[in-house]
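Enquirer: A single structure is presented below for examination.
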Amino acid sequence: MIHTTFTIDGDKLDVGEHDANTFKGFGLLSCNNSSRLLMDYKWEHPDSYRKILTGLFGGKHPLVDMVKVELGNDANTSSGTEPAPKRAPHEEANVRRGMGYQLAADAKEINPTIKTCLLRWGEPGYLRPTWMEVKSSAPDQKVPESAYESMYQLYKQTIVAAYQAYGFMFDYVDPDRNETKHPMYRWIKWFAKRLQKDEADFPTGFPINQFHRIKVMAADQNYETEFGDGMLSDAELRKLVPAVGYHYNTNDGTGHPYRRLADEYQHEVWYSEGISPMTMGKYRVRATGGAGIGGRQSGLDIANRIIKGYVMSRRTHYIFQPAISAYYPGVNYSHKELVRACYPWSGYFEPDEVGLQVIRHFTDFTVAGWHENGAWRFLPSACNSGVGGTENLDTDTEQDSYITLVSPDKRDYSVIFVNDSAVRHCYQIQLKHLGSTSQKLLNIWQTMGPKSKDDAYDSQLKQRREQLKPSDGQVMIEVLPHSIVTATTLINTGDQQYRPFADDIPDNMMLYESPKKKSII
């Protein structure tokens with residue numbers, strides 16, 4: 001057995017009105033055709049579509065609170081093609097060609113507080129001649145400034161079209177290319193200034209002031225971290241770009257630029273693209289390796305990434321690519337999902353209950369979101385991860401892995417522990433400067449694989465294991481092998497048997513209907 005001691009000190013909680021340390025929960029990335037079949041579900045089996053979306057975006061503790069949409073370019077961007085909203089300079093933007101914008105609108109109908117983000121994965125054909133050098137080793141120098149306006153208009157007209165068709169405004173936009181190796185600093189700054197000052201050529205009644213408040217998020221690199229260094233060295237860039245993120249790498253760069261951006265400059269840092277669990281948990285638990293719901297690219301692996309991403313690089317938001325796999329089986333990079341929706345002819349879909357309940361250990365015992373909705377804060381001094389690896393965290397898994405989230409008023413807190421090893425781990429928690437909160441009972445919730453081969457695969461998912469009473473400001477919590485545990489002052493006993501994809505979805509749960517329902521493609 002391994003023993004670890006740490007302190008939850010209420011005096012160290014940052015409750016400022018910024019979002020560097022708010023727990024933003026999880027996002028859904030609709031990209032490279034991953035949402036395509038949802039169009040068929042919505043048209044042919046609206047009840048299934050309603051259940052899928054309500055299961056992810058609905059309820060008292062929504063699992064997903066961000067929809068990030070790919071601005072398509074009619075090319076296969078990895079596992080499918082996302083249509084371009086504009087195919088010629090003077091064509092009106094058409095956001096009904098793809099599913100991403102409709103998905104965002106329907107999600108916001110279920111939960112209006114959901115945030116949205118727009119990111120391009122390439123350039124439509126009509127822009128490629130002037131943006132040809134974007135894939136060079138020096139795009140910031142080689143793409144001429146004369147090419148900027150036409151690219152800006154693609155973004156602007158798409159944002160306007162989404163508002164006119166579906167009634168929502170994007171909250172964030174990344175003007176750079178997805179997973180760029182060489183961020184375009186000049187272009188990002190030019191775009192941010194243009195976004196804030198643009199007053200011309202908007203349709204009558206369009207909320208221009210709201211358009212000006214769209215936040216720039218950058219640079220969505222893949223593993224690379226030099227954009228963090230660029231932000232630290234450029235005060236103007238920091239002022240113009242309040243949110244940053246990168247993909248598939250839990251670690252920070254040399255000198256911890258992203259951690260510094262959060263801790264010193266109060267910038268949001270996102271894990272702006274990460275995998276969902278691969279291979280449904282109900283199949284993993286029968287594997288001969290004895291890891292239960294754990295192992296490489298399992299639910300526990302993803303939970304370790306969420307924790308280590310915060311500890312190492314202050315990532316407060318994790319976006320699944322994809323959360324819903326709504327494409328046909330056999331495409332590149334599949335299968336990874338929280339919900340598999342590949343059977344539109346029947347309306348059948350398959351939630352990964354193991355993956356979902358692992359993620360709900362984070363969302364069901366906090367308030368996720370941004371500071372305006374009272375989101376809980378990370379307490380950095382009570383968070384740690386020693387698990388090895390930068391993406392697949394499958395070495396040194398017996399090391400510490402935990403985060404602490406505290407309500408802004410310090411009346412409640414939750415600690416999430418992950419143990420994807422074969423060794424039991426005990427944590428001694430010391431409570432300081434929490435007032436009467438330090439005397440509250442702790443409800444211990446646990447998810448792990450079945451205890452015997454005769455038990456159902458989901459028999460141990462998100463069960464309330466026990467209640468513990470702190471004594472003299474201390475409490476001991478045991479985390480069993482291959483399990484995730486949440487210790488929380490919240491009660492939430494009604495959530496014990498909650499299955500978000502059950503058949504009891506309210507009949508009055510309405511979704512956004514396109515004004516041109518029969519011609520949305």
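Enquirer: Please state which of the following conditions T395 fails to meet, knowing it meets all the rest: (1) modelled with pLDDT under 95; (2) within 26 Å of H61 (Cα to Cα).
Expert: (2)
Enquirer: Could you list, ordered by first residue, the pairs with Cβ atoms under 8 Å in which the first is in segment 114-140 and within 30 Å of F23 (Cα to Cα) and the second is among the hydroxyl-bearing types (S, T, Y) and open to solvent by less than 10 Å² (accessible area, probe 1.4 Å), at least 6 apart or interchain?
Expert: Pairs found: K115/Y172; T116/Y172; C117/Y172; L118/Y155; L118/T158; L118/Y172; R120/Y155.
Enquirer: Under 9 Å between Cβ atoms, at least 6 apart or on separate chains: pull out the pairs that start in segment 20-36 with a residue that is under 13 Å from L118 (Cα atoms) and end on any residue that is open to solvent by 10 Å² or more (accessible area, probe 1.4 Å) and part of a strand (DSSP E or B).
Expert: Pairs found: G27/K115.
Enquirer: Shifting gears a bit: Can you spot a residue in segment 84-96 that is over 20 Å from the mean Cα position of the chain (by Cα) and among the acidic types (D, E)?
Expert: The initial filter retains those residues of segment 84-96 that are over 20 Å from the mean Cα position of the chain (by Cα), namely 84-96.
If we keep only those that are among the acidic types (D, E) as well, we get 91-92.
Yes, the conditions are met somewhere in segment 84-96.
Enquirer: I'd like the full set of residues that are hydrophobic (A, V, I, L, M, F, W, C) and buried (at least 18 other Cβ atoms within 10 Å of the Cβ), limited to segment 161-189.
Expert: From segment 161-189, those hydrophobic (A, V, I, L, M, F, W, C) are 161-162, 165, 168-170, 173, 184, 187-188; that's our starting set.
A161, A162, A165, F168, F170, V173, M184, W187, I188, listed by residue number.
Enquirer: Would you be able to say whether some residue in segment 406-427 is among the hydroxyl-bearing types (S, T, Y), surrounded by 14 or more Cβ atoms within 10 Å (Cβ to Cβ) and more than 22 Å from R360 (Cα to Cα)?
Expert: No; the residues of segment 406-427 include none that is among the hydroxyl-bearing types (S, T, Y), surrounded by 14 or more Cβ atoms within 10 Å (Cβ to Cβ) and more than 22 Å from R360 (Cα to Cα).
Enquirer: Please state which one of F227, F202, F206 is in contact with a Pro (Cβ under 6 Å, 6 or more places away or on another chain) and of a type in the set (F, W, Y). I'd like the intermediate steps shown before the answer.
Expert: Details: F202 fails: in contact with a Pro (Cβ under 6 Å, 6 or more places away or on another chain); F206 fails: in contact with a Pro (Cβ under 6 Å, 6 or more places away or on another chain).
Only one candidate qualifies: F227.
Enquirer: Taking the condition of being in contact with a Phe, Trp or Tyr (Cβ under 6 Å, 6 or more places away or on another chain) and not in a loop (DSSP other than H, G, I, E, B), how many residues in segment 116-142 meet it?
Expert: So in segment 116-142, the residues in contact with a Phe, Trp or Tyr (Cβ under 6 Å, 6 or more places away or on another chain) come out as 116-118, 123, 140.
So of that shortlist, the ones also not in a loop (DSSP other than H, G, I, E, B) come out as 116-118, 140.
So the answer is 4.
Enquirer: Given the structure, is I359 out of contact with any His (no Cβ under 9 Å at 6 or more places or on another chain), outside any loop (DSSP other than H, G, I, E, B) and closer than 26 Å to G100 by Cα?
Expert: Numbers: out of contact with any His (no Cβ under 9 Å at 6 or more places or on another chain): yes; outside any loop (DSSP other than H, G, I, E, B): yes; closer than 26 Å to G100 by Cα: yes.
Here the answer is yes, as I359 does meet what is asked.
Enquirer: Looking only at residues that are hydrophobic (A, V, I, L, M, F, W, C) and closer than 17 Å to G281 by Cβ in segment 446-484, which one is surrounded by the most Cβ atoms within 10 Å (Cβ to Cβ)? Reasoning before the result, please.
Expert: In the first step, residues of segment 446-484 are kept if they are hydrophobic (A, V, I, L, M, F, W, C); the result is 448, 456, 461, 468, 475-477, 479-480, 484.
Going one step further and asking which of them are closer than 17 Å to G281 by Cβ, we end up with 448, 456, 461, 480, 484.
Numbers: M448: 25, A456: 10, L461: 22, L480: 16, I484: 30.
Among residues in segment 446-484 that are hydrophobic (A, V, I, L, M, F, W, C) and closer than 17 Å to G281 by Cβ, the one surrounded by the most Cβ atoms within 10 Å (Cβ to Cβ) is I484.
Enquirer: Taking segment 363-391, which residues are touching a strand residue (DSSP E or B) at 6+ places or on another chain (Cβ under 6 Å), part of a loop (DSSP other than H, G, I, E, B) and either on the phi > 0 side of the Ramachandran plot or open to solvent by 30 Å² or more (accessible area, probe 1.4 Å) (or both)?
Expert: Hit for segment 363-391 is G389, nothing else.
Enquirer: What tally of residues in segment 190-222 results from selecting those that are open to solvent by 40 Å² or more (accessible area, probe 1.4 Å) and either in contact (Cβ under 8 Å) with a residue 60 or more places away in the chain or within 25 Å of the chain's Cα centre (by Cα) (or both)?
Expert: Qualifying residue count, segment 190-222: 3.
Enquirer: Tally time: how many residues in segment 36-80 are polar (S, T, N, Q) and under 22 Å from the mean Cα position of the chain (by Cα)?
Expert: We begin by selecting, within segment 36-80, every residue polar (S, T, N, Q); these are 48, 54, 73, 76-79.
Retained after the next criterion (residues that are under 22 Å from the mean Cα position of the chain (by Cα)): 54, 77-79.
Number satisfying all stated conditions: 4.
The values are calculated or read from the model by the stated rules, or taken from the named source; none is laboratory data. Computed from a predicted model, the values in this text were never measured in an experiment. A quick note on method: Cβ atoms are made from the backbone with ideal geometry, for glycine too, and the neighbour counts reach across all protein chains shown. For accessibility, only protein heavy atoms count, side chains too; no ligands or nucleic acids. Shrake-Rupley method; radii C 1.70, N 1.55, O 1.52, S 1.80 Å.
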